[in-house]
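Read through the structure below, which is laid out as structure tokens, and then see the notes.
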Amino acid sequence: MKVETFSTPAAVARAAATRIARLLKRRGRPVLLLPVGKTAVPICRELARLHAAGRAPFRRATTFNLDELRVPPEDPRSFRAFMDRHLFSKVDLDARRIRFLRGDAPDVARECARYERELAREGPPDLALVGIGENGHVAYLEPSRSLPPTTSLVRLSASTRRGLAADGLQPVPREALFEALGRVRQRAAPVPARRRARILSFVGCKGGSGATFIATNVAHLLAEQEGKKVALIDLNFQFGDAALYVTHRVPARTLADVADEAHRLDASLLANSMLQVLPNFHILPAPEDPEQALRVRPESIDPLLEVAGSAYDVVIVDAGRTLDDVTVRAMDRSDAVYAVLQLNLPFLRDAKRLLRVLTSLGYGRDKVKLVVNRFHKRSTITLQDLQETLQHEVFRTLPNSFDAVTASVNQGVPIFKLASRDPVSRGLREIAGTLVEAKKEAGGWRRLLSR
Ligand SMILES: Nc1ncnc2c1ncn2[C@@H]1O[C@H](COP(=O)(O)OP(=O)(O)OP(=O)(O)O)[C@@H](O)[C@H]1O
Ligand SMILES: [Mg+2]
């Protein structure tokens, strides 16, 4: 932790506001967590000044406030009114992106749950500004209280109420709705778990490429034959079918359920949400329908991959065939992206487009690997043609084997279990082998460097 001290409130305000302004300019859709109270006033003033000078654009920001008094938002004593007065009315923040608890909500539990959901949906805040009250309270978390697990109603202590009265708040309401700091801390500064997994995404250059077949079979091989602990995450929202390729088990939960709980996700919650194909091979199935899919926000992908990345040796992502915010988020975090295609003109055209997009996302040549599926040597378009057209080397080819693959897909059994000597099984074993090798090499380099 880095602690900086400043000698005057004005200096604190300048430093805090400058930092917030920097974030507002840099981040696409920044999420801020803001406080109310005496300390916040000069910071708000400074922010308003920076905003007027064009240096603190709030246009795309979302703000959360941690707490609210048990009064209606229009009440001048409410924290919402405080924020309106000191900041919201002075900047170009979109009113729809101001998140606040309703202090006068008749059903407190319901209001707290609603707020929890909003916090979960927006993902971790990029910055949390919190003040510490004179008696040590933070966001109406009174000192010596243990952290309440969720947003809740708290009775304010006499000293906190005295502080509010001194701020000019009369009469002081006795109760506040309070977003449990524990949860905020969790979101504001997630402790980065140590990642051990290689994250590998498979994407089809076009529908029907074989991406799911390859991803699922390679995942199964890595678990069964290489003894790795493997997670497969199906991000194919419209045609999610990965589990069907390797198991008959019916999933109880999907990615949508996990996304709902992204804010409190840990390894055991994740494992319990996954389909256990083998003790060391788990699949997180795609949402079942488009409505469920809407619950999966790009922000949910970061905690998901973080938790999976620390709990598994290999995380395989079936990214489907559409690039959207969710799949790009997953690919950003991947060590390698395997783009699967076949040797014909429509595939070539789409592969070219896909490579262009992946390059524009900043992925280097070594991150993007081309896998040519259903390859046969007598094809009119040769591998050489393909490499020249795409200006990209082919990583691996897999032969065409209609009967064996169809039997595997129809029965939901990995191909190497049905036809171990089929050339496709051999090819898949080779691909799985290279993934393990890549990991060994990385370990070797790390070891050399750390000497
Ligand atoms: N090497 C192969 N030889 C023969 N058939 C194959 C081969 N690989 C895949 N297939 C067939 O191609 C079909 C499509 O494969 P798959 O579902 O894996 O593609 P996909 O790229 O994931 O498709 P989608 O775009 O629907 O997600 C499968 O039904 C499978 O039978
Ligand atoms: Mg697929």
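The values are calculated or read from the model by the stated rules, or taken from the named source; none is laboratory data. All figures in this text were calculated on a predicted structure; none of them were measured in a lab. All Cβ positions, glycine included, derive from the backbone under ideal geometry; neighbour counts span all protein chains shown.
A few comments on the model shown:
- Members of the stretch 405-419 that are more than 23 Å from T434 (Cα to Cα), more than 16 Å from ligand 2 (Cβ to nearest atom) and either buried (at least 18 other Cβ atoms within 10 Å of the Cβ) or of a type in the set (A, V, I, L, M) (or both): A407
Condition check ((1) within 16 Å of ligand 2 (Cβ to nearest atom); (2) in contact with a Phe, Trp or Tyr (Cβ under 6 Å, 6 or more places away or on another chain)) across all residues:
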| residue | (1), (2) |
| --- | --- |
| I283 | yes, no |
| L304 | no, no |
| A311 | no, no |
| V314 | no, no |
| D318 | yes, yes |
| V326 | yes, no |
| R333 | no, no |
| V337 | yes, no |
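- Pairs, first within 9 Å of ligand 1 (Cβ to nearest atom) in the stretch 188-209, second modelled with pLDDT under 95, C-beta under 6 Å, six or more apart: G204/R321; G207/R321
- When residues of the stretch 346-402 are limited to those that are within 31 Å of the chain's Cα centre (by Cα) and of a type in the set (D, E), the one farthest from V326 (Cα to Cα): E393
- Residue in the stretch 215-229 that is assigned to a strand (DSSP E or B), assigned by TED's automatic domain parsing to the domain that holds Y338 and in contact with a strand residue (DSSP E or B) (Cβ under 7 Å, 6 or more places away or on another chain) present: no
- Hits in the stretch 238-255 (condition: part of a loop (DSSP other than H, G, I, E, B) and either over 14 Å from A319 (Cβ atoms) or away from ligand 1 (no atom under 11 Å from the Cβ) (or both)): V246, T247, H248, R249, V250, P251, A252, R253, T254
- Identity of the residue in the stretch 1-15, at pLDDT below 90 and among the aliphatic types (A, V, I, L, M), that ends up nearest to P35 (Cα to Cα): V3
- Residue in the stretch 310-319 that is in a helix (DSSP H, G or I) and within 14 Å of ligand 1 (Cβ to nearest atom) present: no
- Residues that are β-branched (V, I, T) and loosely packed, with under 13 Cβ neighbours inside 10 Å within the stretch 1-56 comprise V3, T5, T8, listed in sequence order.
- In the stretch 347-381, the residues that are among the polar types (S, T, N, Q) and at pLDDT 95 or above: N373
- So D241, is it within 15 Å of ligand 2 (Cβ to nearest atom), farther than 20 Å from V436 by Cβ and surrounded by 24 or more Cβ atoms within 10 Å (Cβ to Cβ): no
- The listed residues are D335, D366, D385, D350, and the only one of them that is more than 27 Å from L255 (Cα to Cα), acidic (D, E) and touching a residue at least 40 places away in the same chain (Cβ under 8 Å) turns out to be D350.
- Among the residues listed as L341, L304, L345, the single one being away from ligand 1 (no atom under 16 Å from the Cβ) and either on the phi > 0 side of the Ramachandran plot or crowded, with 21+ Cβ neighbours inside 10 Å (or both): L304
- Test for A271: is it part of a helix (DSSP H, G or I), touching a residue at least 12 places away in the same chain (Cβ under 8 Å) and away from ligand 1 (no atom under 16 Å from the Cβ): yes
- Search result, residues across the stretch 191-214 that are touching a helix residue (DSSP H, G or I) at 6+ places or on another chain (Cβ under 6 Å), crowded, with 21+ Cβ neighbours inside 10 Å and assigned to a loop (DSSP other than H, G, I, E, B): A197, C205
- Complete set of residues in the stretch 79-116 that are of a type in the set (D, E, K, R) and in contact (Cβ under 8 Å) with a residue 12 or more places away in the chain: R80, K90, D92, D94, R97, R99, R102, D104, E111, E116
- All helices (runs of 4 or more DSSP H) inside the stretch 384-451 with 2 or more residues being modelled with pLDDT of 95 or more and either over 21 Å from Q225 (Cβ atoms) or polar (S, T, N, Q) (or both): 402-411
The rows are residues; the columns are (1) within 16 Å of ligand 2 (Cβ to nearest atom); (2) closer than 24 Å to L354 by Cβ; (3) aliphatic (A, V, I, L, M).
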{"residue": "V203", "(1), (2), (3)": "yes, yes, yes"}
{"residue": "E226", "(1), (2), (3)": "no, no, no"}
{"residue": "V230", "(1), (2), (3)": "no, no, yes"}
{"residue": "H248", "(1), (2), (3)": "no, no, no"}
{"residue": "D260", "(1), (2), (3)": "no, no, no"}
{"residue": "D266", "(1), (2), (3)": "no, no, no"}
{"residue": "L269", "(1), (2), (3)": "no, no, yes"}
{"residue": "L278", "(1), (2), (3)": "no, no, yes"}
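- Residues of the stretch 348-371 that are outside any helix (DSSP H, G or I) and on the phi < 0 side of the Ramachandran plot: L361, Y363, G364, R365, D366, K367, V368, K369, L370, V371.
- Given (1) of a type in the set (S, T, Y); (2) away from ligand 2 (no atom under 15 Å from the Cβ); (3) under 25 Å from V405 (Cα atoms), index of the condition T254 fails: (3)
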